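Comments concern the structure below.
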Amino acid sequence: MTTYSWYSQLLKPSWAPPDWLFGPVWSVLYTIIAISFGTVFYRAFNGKISWWVALPFVLNLVFNAAFTPIQFGLRNNLLASVDILIIVGTLIWAFASVWIAAPELRWVVFANVPYLLWGSFATCLQLTITYLNR
């Protein structure tokens, strides 16, 4: 069974978006992430902010990158649910980290509000899919 046919056979809530929407949404979000997270990493590499400020951004990228292999490679909805909760958690941590320790980068928080909104929606979707397919 291919990954697409596996995912298409999962029970999903009526409010799940069509599959074609995920590509365009993530293309926009990854552009925002590249610019804003890249700025945080650049400033950390240059010693203008602490690496402790950048840590939640690093962890967010790691867990974000792990989601697709967990969900579609391992086909593990429960582990994907845990992963996506960590993604949203590290993003909120990143927001707090910048807001408190690097006020000159507060634009990073505002720029990533769409990422937080989509991540929160995706978390609700993933948790619902996990529940429906238990």
**Message:** Can you compute the FRET efficiency between TRP52 and ASP19 using 1/(1 + (r/R0)^6), with r the Cβ-Cβ distance and R0 = 35 Å? Round to the nearest 0.05.
**Reply:** 0.35
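Roughly what percent of Cα-Cα pairs across the chain reach past 17 Å?
Working: 5396 of 8911 pairs.
Looking at the chain, the distances longer than 17 Å represent 61 percent of pairs.
With +1 on the Cβ of every Lys and Arg and -1 on the Cβ of every Asp and Glu, and nothing else charged, how large is the dipole of the chain about its Cα centre, in debye rounded to the nearest 20? If you can, show how the numbers build up before the last one.
On the way: 6 positive and 3 negative charges, 15 e Å.
The calculated dipole for the chain is roughly 80 debye.
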**Message:** Of the candidates ASN112, ASN64, ASN76, which one comes out as most mobile in a Gaussian network treatment of the chain with C-alpha springs shorter than 10 Å?
**Reply:** ASN76
**Fill in**
Expressed in angstrom and rounded, the centroid-to-centroid distance over alpha carbons for the range 1-70 and the range 86-123 is 12
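Where a number appears in this text, it was derived from the coordinates with a stated rule and is not lab data. For clarity, every value in this text was computed on a predicted model and none was experimentally measured. Note that we place each Cβ from the backbone using ideal geometry, even for glycine, and neighbour counts take in every protein chain shown.
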